[in-house]
Amino acid sequence: MPKTLFLGHKNCRRHDMGQGHPESPQRLQAIEQLVRATDWQGKLSFVDAPKVDLACLGGIHPKHHVQALMELVPEQGFADIDADTRLNPYSLDAALYAVGAALHATDQVIAGQAGNAFCSVRPPGHHAESAIAMGFCLFNSVALAAERALASGMSRVAILDFDVHHGNGTVEIFQDRPEVLVCSSFQYPFYPGRFDDVVRPNICLTPLTAGSDGAVFRQAVERQWTRALRRHQPEMIFISAGFDAHRDDPLGGLNLQDEDFLAVSWFIKDLAGETAQGRIVSLLEGGYQLDALARSVVQHLKALVE
């Protein structure tokens, strides 16, 4: 039985947006420490992500956008993209390793070298629109991974996003691409307030009011996403795995607990078994309370490795 891959790279920790910023290098440290302390009984394989070159971004991000980001990278200190998002000298390098993890995981799962994969990388990506970097995100790694699967010959894929913030970038990129189903659950109204009212057959939006608990989340997601996925019949499923809907997270207002991330991960894995031969690639998005983040990732992985 092919193993679950856990992909990361030390250079993803070199991206830093300044003291006190919630999207910090310590996120990856917290995750890796707890994951490595957990007994996976040989079912989890740790892999160093490769770095991709800029040409790999072309399927999603236009050249002028990539060039503008390159020119913004500072030689030292920080350069602001928006009020929440900054570059340091190592940010684009980290982002290219994050994309590299997503693409390598996709290739390995398609080739049958892994059953599924989780990419513990940063910066995150789901807020990055085709030509706008925002919301801590530079390049939309999950969109690039989905595009990779389609380029490999697949005709339909799905992206499932359970971050507390709506995956506006992913919706913007694929709203007119019927071969890609995008399902996004999110607190509403909430950041970023973009592309959260799109009406398309391939876009399934699940807005949740502030204070919603795990039971509300699970019922809404399972009802809406099951119907959408069975209709779409994806050959591969990608996950934007944000853990900031946890009740302890400082940036969100939903009330999920550790076990809710286990439950939604099992739910997705079961659906992947129906149409996608179990093929899943999951990418870290949000999650900013370090202990809750690390525990929730372990719960997510427990579903993937079984």
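Go through segment 261-293 and report how many residues are assigned to a helix (DSSP H, G or I), under 22 Å from VAL180 (Cβ atoms) and charged (D, E, K, R).
Keep residues of segment 261-293 that are assigned to a helix (DSSP H, G or I), which gives 261-275, 290-293.
Right, trim to under 22 Å from VAL180 (Cβ atoms) and you get 264-265, 267-275.
Going one step further and asking which of them are charged (D, E, K, R), we end up with 269-270, 274.
Residues that pass the stated criteria total 3.
Given the options LEU271, LEU256, name the one that is within 26 Å of ASN140 (Cβ to Cβ), over 17 Å from the mean Cα position of the chain (by Cα), crowded, with 23+ Cβ neighbours inside 10 Å and not small (Gly, Ala, Ser).
Values: LEU271 fails: crowded, with 23+ Cβ neighbours inside 10 Å.
Result of the check over LEU271, LEU256: LEU256.
Are there any pairs with C-beta distances below 9 angstrom linking a residue in segment 40-63 that is closer than 19 Å to ALA94 by Cα to a residue that is among the basic types (Lys, Arg) and surrounded by fewer than 16 Cβ atoms within 10 Å (Cβ to Cβ), with the two at least 6 apart or on different chains, and if so which?
Partner pairs satisfying both residue conditions: PHE46/ARG36; ASP48/LYS10; LEU54/LYS63; LEU57/LYS63.
Report, by residue number, each residue of segment 202-258 that is closer than 27 Å to ARG279 by Cα and in a strand (DSSP E or B).
ILE203, CYS204, LEU205, THR206, PRO207, ILE237, PHE238, ILE239, SER240, ALA241, HIS246, LEU256, listed by residue number.
Take the residues in segment 112-143 that are part of a helix (DSSP H, G or I) and not polar (S, T, N, Q), then tell me which one is farthest from the chain's Cα centre (by Cα).
Of segment 112-143, the ones part of a helix (DSSP H, G or I) are 141-143.
Adding the requirement that they be not polar (S, T, N, Q) leaves 142-143.
Values: VAL142: 6, ALA143: 9 Å.
The qualifying residue farthest from the chain's Cα centre (by Cα) is ALA143.
Would you please name the residue that is nearest to ALA95 (Cα to Cα), looking only at residues in segment 15-39 that are buried (at least 16 other Cβ atoms within 10 Å of the Cβ) and not aliphatic (A, V, I, L, M)?
HIS15
GLN113: out of contact with any His (no Cβ under 9 Å at 6 or more places or on another chain) and more than 20 Å from LYS269 (Cα to Cα), yes or no? Spell out the reasoning first.
Numbers: out of contact with any His (no Cβ under 9 Å at 6 or more places or on another chain): yes; more than 20 Å from LYS269 (Cα to Cα): no.
Here the answer is no, as GLN113 does not meet what is asked.
So SER296 passes all but one of these: (1) assigned to a helix (DSSP H, G or I); (2) of a type in the set (Gly, Ala, Ser); (3) in contact (Cβ under 8 Å) with a residue 60 or more places away in the chain; (4) in contact with an Asp or Glu (Cβ under 8 Å, 6 or more places away or on another chain). Which condition number does it fail?
(3)
Can you name every residue in segment 28-39 that is in contact (Cβ under 8 Å) with a residue 12 or more places away in the chain and in a loop (DSSP other than H, G, I, E, B)? Please lay out each step first, then the result.
Here is the first cut: in segment 28-39, the residues in contact (Cβ under 8 Å) with a residue 12 or more places away in the chain are 28-35, 38.
THR38, the sole residue that qualifies.
Scanning for something out of contact with any Ser or Thr (no Cβ under 6 Å at 6 or more places or on another chain), of a type in the set (Phe, Trp, Tyr) and either under 18 Å from GLU23 (Cβ atoms) or crowded, with 24+ Cβ neighbours inside 10 Å (or both), does segment 228-239 turn up at least one residue?
Checked segment 228-239: at least one residue is out of contact with any Ser or Thr (no Cβ under 6 Å at 6 or more places or on another chain), of a type in the set (Phe, Trp, Tyr) and either under 18 Å from GLU23 (Cβ atoms) or crowded, with 24+ Cβ neighbours inside 10 Å (or both).
With respect to ALA292, determine if the residue is of a type outside the set (S, T, N, Q), crowded, with 20+ Cβ neighbours inside 10 Å and in contact with a Lys or Arg (Cβ under 9 Å, 6 or more places away or on another chain). Please lay out each step first, then the result.
Numbers: of a type outside the set (S, T, N, Q): yes; crowded, with 20+ Cβ neighbours inside 10 Å: yes; in contact with a Lys or Arg (Cβ under 9 Å, 6 or more places away or on another chain): yes.
Taking the combined requirement at face value, the residue satisfies it.
Check segment 91-111 and report whether any residue there is in contact (Cβ under 8 Å) with a residue 40 or more places away in the chain, part of a loop (DSSP other than H, G, I, E, B) and in contact with a helix residue (DSSP H, G or I) (Cβ under 8 Å, 6 or more places away or on another chain). Before the answer, list the steps.
Within segment 91-111, the first condition is being in contact (Cβ under 8 Å) with a residue 40 or more places away in the chain, and the residues that meet it are 91-110.
Subset that is part of a loop (DSSP other than H, G, I, E, B): none.
Checked against the condition, which is being in contact (Cβ under 8 Å) with a residue 40 or more places away in the chain, part of a loop (DSSP other than H, G, I, E, B) and in contact with a helix residue (DSSP H, G or I) (Cβ under 8 Å, 6 or more places away or on another chain), segment 91-111 yields no hits at all.
Hey, among GLY42, GLY8, GLY100, which residue is exposed (fewer than 14 other Cβ atoms within 10 Å of the Cβ) and among the small types (Gly, Ala, Ser)? Give the derivation first.
Values: GLY8 fails: exposed (fewer than 14 other Cβ atoms within 10 Å of the Cβ); GLY100 fails: exposed (fewer than 14 other Cβ atoms within 10 Å of the Cβ).
Step by step, each of GLY42, GLY8, GLY100 is checked, and only GLY42 is exposed (fewer than 14 other Cβ atoms within 10 Å of the Cβ) and among the small types (Gly, Ala, Ser).
Got at least one residue in segment 144-156 being at positive phi, among the small types (Gly, Ala, Ser) and either in a strand (DSSP E or B) or free of Cβ contacts under 8 Å to residues at least 12 places away in the same chain (or both)? Full working, then the answer.
So the first thing to find is which residues in segment 144-156 are at positive phi, and the list is 153.
Remaining after also requiring among the small types (Gly, Ala, Ser): 153.
Now narrow it down to the ones that are either in a strand (DSSP E or B) or free of Cβ contacts under 8 Å to residues at least 12 places away in the same chain (or both): 153.
Among the residues of segment 144-156, at least one is at positive phi, among the small types (Gly, Ala, Ser) and either in a strand (DSSP E or B) or free of Cβ contacts under 8 Å to residues at least 12 places away in the same chain (or both), which makes the answer yes.
Scanning segment 26-51 for residues that are among the small types (Gly, Ala, Ser) and over 18 Å from the mean Cα position of the chain (by Cα), which turns out nearest to LEU290 (Cα to Cα)? It would help to see each step written out before you state the result.
So the first thing to find is which residues in segment 26-51 are among the small types (Gly, Ala, Ser), and the list is 30, 37, 42, 45, 49.
In the following step, the residues that additionally are over 18 Å from the mean Cα position of the chain (by Cα) were identified as 37, 42, 45.
Details: ALA37: 15, GLY42: 25, SER45: 23 Å.
Of everything passing the filter in segment 26-51, ALA37 is nearest to LEU290 (Cα to Cα).
What number of residues within segment 51-83 satisfy the criterion of being touching a strand residue (DSSP E or B) at 6+ places or on another chain (Cβ under 8 Å), surrounded by 19 or more Cβ atoms within 10 Å (Cβ to Cβ) and part of a loop (DSSP other than H, G, I, E, B)?
So the answer is 1.
Rule-based calculations on the coordinates, nothing more; no lab input. All figures in this text were calculated on a predicted structure; none of them were measured in a lab. Cβ: placed from backbone, ideal geometry, glycine included. Neighbour counts: every protein chain shown.
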